[in-house]
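Here's the structure, in structure tokens; my notes come after.
The values are calculated or read from the model by the stated rules, or taken from the named source; none is laboratory data. All figures in this text were calculated on a predicted structure; none of them were measured in a lab. Cβ placement follows ideal geometry from the backbone for every residue including glycine, while neighbour counts extend to all protein chains displayed.
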Amino acid sequence: MSSDPFVDEIREIRERLAAQFGFDVRAIAEDVRRRDAAGDREIVRLPPRRPVCESETSRYTSVTPDIQREAMALLVEIWGLSPDVRLGQLFAHLGFLGEAHVGRGLGYIEDNELIAIMYGHRAELVVRLKAASNQTATPAGAATSVSGSPVPPEAHAATDLRHQAAD
């Protein structure tokens, strides 16, 4: 391990000061306060930062096993409703929904808020899947465009006429 002379010097000073006060942290802190008050340098004391959101001012409640199970079951269900989505994409999407609905990102929303967002997202996915399954399927052999959308019958008839004319 390489030695940095500056780090070594700081460690030496720290060791010397700690030994001077018998390695008592409270005595060291009291000495710092006394020297600050007696010194001729101005000490700037900034007011505490204003919290960004209300939840930051309250203590986070511990997550109960029941809430953990509910959240995990809901996450599995949502992921099952969108199998083509990677897990990271799902987390990112839930984060975007949190910002849109609660005004905070995934790391700052409360568990109950996240669960509510997840229930809402699950409901949206169920509606989309039902709507997709209720659409009439294109009959086999029917003309479809490159994008997969059905081609109107008149366009299909015009294509047939062009092929017949070419023959």
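Take the conditions (1) loosely packed, with under 12 Cβ neighbours inside 10 Å; (2) modelled with pLDDT of 90 or more; (3) small (G, A, S); G148 misses just one of them, which is (2). Does segment 96-108 include one or more residues that are under 18 Å from V126 (Cα atoms) and either touching a residue at least 12 places away in the same chain (Cβ under 8 Å) or not assigned by TED's automatic domain parsing to the domain that holds V127 (or both)? Yes.
Assessment of segment 16-37 against the conditions (modelled with pLDDT under 75 and outside any loop (DSSP other than H, G, I, E, B)) yields no matching residue.
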